[in-house]
Structure formats: structure tokens, C-alpha cells
Amino acid sequence: METPYRRAIGGTEAGVSYLSAELAKLGHQVVLLASPSEPGVYSGVECLNHKDVLNQDFLNGADALVVVNEACGRQLRDMGVTKPMVLWTGHADDQPPIEPLEYSRERKAWTGFAFVSQWQLDEYCQTFWLPRERASVKRNAVAPVFLEREPLAEPWFTRGSPPVLAYTSAPYRGLDVLLPAFPAIRAAVPGAVLRVYSGLSTTRGGPEDNQYKDLYDRCLATPGVEYIGPVSQPALADALREAAALAYPSTYAETSCIAALEAMAMGATVLTTGLGALPETLAGFGRMIPPSENPAALARDFAAMSIDALMDMKLNPGKAAFRRETQIAFVRQHYTWASRALEWQSWLSGLTAGK
């Protein structure tokens, strides 16, 4: 439960923690089954090791079960679980943990399906013939610490300082496009800096030691690029206060994109591609180019779009300031885990009433 405040973890894992805490604040008894190093009660949520309590009697003591990212409904029903069950997933429909949904018995095992975007829901319904009446969009939200931090009162384009770009996603989702694009951006916008908050470790041990060595070396060799590596969410919130933009030439079909929401909450413009659910997530904010399977062409187009966006902000600071303020207000109003908890409470109440 407290891990997101201490070190970098996946968006889904962090979201489960935040939603659980908010449901507990509403007065619900929430039990989180995972692999905690020290089982106990954290932020009002009882955290237990799933290996100790994953049995029929314990699970049937709940009003409802929410299973994250694993289509194991048949196994749980065969175990004797009779309570309403929801599959909540941020996975794309081609991921191995979701493959059992190909079978009708697996689909029938679930009372409901929760997705993080309408785009993702539509993809699942098309791929697995899921019944739409049992599917619901339950969007992600920004971590509480991003709401506790205030964006800089004066953005870069009125301070007169060079823009700082940030990359905060996994390396395989577009960093290989961004690094060759950045020199053109820096040439057109002198002094621009790119800070990379992504895991490129080459000393983890094991056969994947050098998986991202080329990207790591390129970060070190490219003028204006500062490799930071993964940081905790409080540290990332502080870093994004300084960011002019999230530079994310996405080559991965995001089902939501918490990284974009967090950047938007801190006042950074999102520069990305229109792949997957990104247009839905940005909700009209930021700038996008069409996705491409040609890395060189994508790098060229991304650089051109980024240059145009940054120069537009610099030359039209009043318009840029209005867009920035509107974006910050939109995310902070519509993408909180407290509001998500109310949505989940209402939806689960309906599911359990119809059990």
C-alpha cells in the first residue's frame, strides 16, 4: 500500500493501492491480497499474503471480489467461490494473462468486467465477444501526491527559460524514437533539455543485463539529455513541475496512460501519438501525430510536431497559459482516486444487489 510513495512501481499496482485506500475511507472493509513483505493494515486496508488465505471459505466471506489483470474466473469458480467477481484489467487484449477469455466458460465466470478506457472496452468486446451489459469503464486517476503538489505558478514560456522535456514511460514504448528526434528539437529550440525517468539499468543480473544498453549509451552521448532513471512518485511529481512537456512518441497501444495524466496535472503539455487510448486520455489537450511503424519517419514527424508546439507556446504565451490552466483544472477535477472510489462503490453495489 505504501510502496508507491517509496519507489517506482507500475501504474496498475499503484492504482490498486490508491483505490483501496479511498474505498476504505468510504467505510468499506477492503482486503488486498498480494505479496506484502509485512502483512498488516495500511491506510485502512488489510493487506494479506494471497498464499495464506486464497481458499473458498475466505473468499466467500467477501461481498465481491475484484481480480486484477488475470482471467482466472474458472479456477475460482471451480474452487467453490460463489460471490460476484469482477475482472479489472489494464492489459491489452493480446496479453497472456487475458487469453482464457477466449473460452465461453471463462467469460461466464465473471459478474462484471472493468476497463480503463472505452477504447480498451471496445477492443475486448470485439476480440472476446464480451457482453457489453456486464462491461464498464473505470478510468485510472493521478496519484494523490500529484494533487498535493502545486504546478509552477509561472510556466517556462513566461519565465524565458529553455523548455525541459520529460520521458517517464517504459523504455520500449517510444524512447528509441525520442532519442533520435531530440537533436532536431534542441537545434530548433536552443537550450532544450530532455530528462529520462525510465529504467535502463544494465546491472540487474541475469540474461537481460544489456537489454537497454544501446538506449542507455545513447542517453549519455546525446547533448541535452539527462538520464535520471526511475524515481518515486513524490520525486516524479516534483520533477514534472519543471517540465514544459511530456515527450512521448508512443509506439505502444496504451489502454489508458497514467503518465500522461500525471504530466497534465502538473501543467506539462503532452506530445505524443494518436495510438490506442491516448486520444481518449488526452481529451483534447496536448498535441498528437499519427502513429507509424517506421521509426525514422516517426522520429522526424515527432520532432517537427514538438518544435511547432514549443515555438507556439513561446510566441503565444497568453494562449498557452490559458490552455495550461484549463488542462490542470480538468485533470484535477475529473481524474482523482476519490471520485473513482465513488464510481466503484456505485457499480459494485449494483452487481452485488443482483447476485
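Summary of computed values
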read-out	value
Any hit, segment 63-75, residues being more than 19 Å from residue 135 (Cα to Cα) and assigned to a strand (DSSP E or B)	no
Sole exception among (1) assigned to a loop (DSSP other than H, G, I, E, B); (2) under 19 Å from residue 260 (Cβ atoms) for residue 293, by number	(2)
Condition check for residue 299: touching a Pro at 6+ places or on another chain (Cβ under 6 Å) and in the same structural domain as residue 164 (by TED's automatic domain parsing)	yes
When residues of segment 155-189 are limited to those that are among the hydrophobic types (A, V, I, L, M, F, W, C) and under 17 Å from residue 228 (Cα atoms), the one surrounded by the fewest Cβ atoms within 10 Å (Cβ to Cβ)	170
Residue in segment 307-318 that is crowded, with 24+ Cβ neighbours inside 10 Å and on the phi < 0 side of the Ramachandran plot present	yes
Of the criteria (1) surrounded by 14 or more Cβ atoms within 10 Å (Cβ to Cβ); (2) modelled with pLDDT under 95, which one residue 354 fails	(1)
Matching helices (runs of 4 or more DSSP H) fully within segment 173-255 where at least 1 residues are at pLDDT below 95 and within 28 Å of residue 141 (Cα to Cα)	233-241
Qualifying residue in segment 196-219 (condition: out of contact with any Asp or Glu (no Cβ under 8 Å at 6 or more places or on another chain), under 19 Å from residue 264 (Cα atoms) and either free of Cβ contacts under 8 Å to residues at least 60 places away in the same chain or in the same structural domain as residue 329 (by TED's automatic domain parsing) (or both))	yes
Single unsatisfied condition, residue 38 versus (1) in a helix (DSSP H, G or I); (2) more than 26 Å from residue 350 (Cα to Cα)	(1)
Count of residues meeting criterion [part of a loop (DSSP other than H, G, I, E, B), surrounded by 20 or more Cβ atoms within 10 Å (Cβ to Cβ) and in contact with a helix residue (DSSP H, G or I) (Cβ under 8 Å, 6 or more places away or on another chain)] in segment 97-129	2
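Each row is one residue, and each column tells you yes or no for (1) closer than 29 Å to residue 253 by Cβ; (2) touching a strand residue (DSSP E or B) at 6+ places or on another chain (Cβ under 7 Å); (3) hydrophobic (A, V, I, L, M, F, W, C).
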position: 139; (1), (2), (3): yes, no, no
position: 142; (1), (2), (3): yes, no, yes
position: 159; (1), (2), (3): no, no, no
position: 163; (1), (2), (3): yes, yes, no
position: 167; (1), (2), (3): yes, yes, no
position: 173; (1), (2), (3): yes, no, no
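Every residue, every condition in (1) touching a residue at least 60 places away in the same chain (Cβ under 8 Å); (2) surrounded by fewer than 20 Cβ atoms within 10 Å (Cβ to Cβ); (3) part of a loop (DSSP other than H, G, I, E, B); (4) of a type in the set (A, V, I, L, M, F, W, C), yes or no:
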residue	(1), (2), (3), (4)
21	yes, no, no, yes
46	no, yes, no, no
52	no, yes, no, no
82	no, yes, yes, no
87	no, no, no, yes
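The values are calculated or read from the model by the stated rules, or taken from the named source; none is laboratory data. Values in this document were obtained by computation on a predicted structure and should not be read as measured data. As a convention, Cβ positions derive from the backbone with ideal geometry for all residues, glycine included, and neighbour counts pool all protein chains shown.
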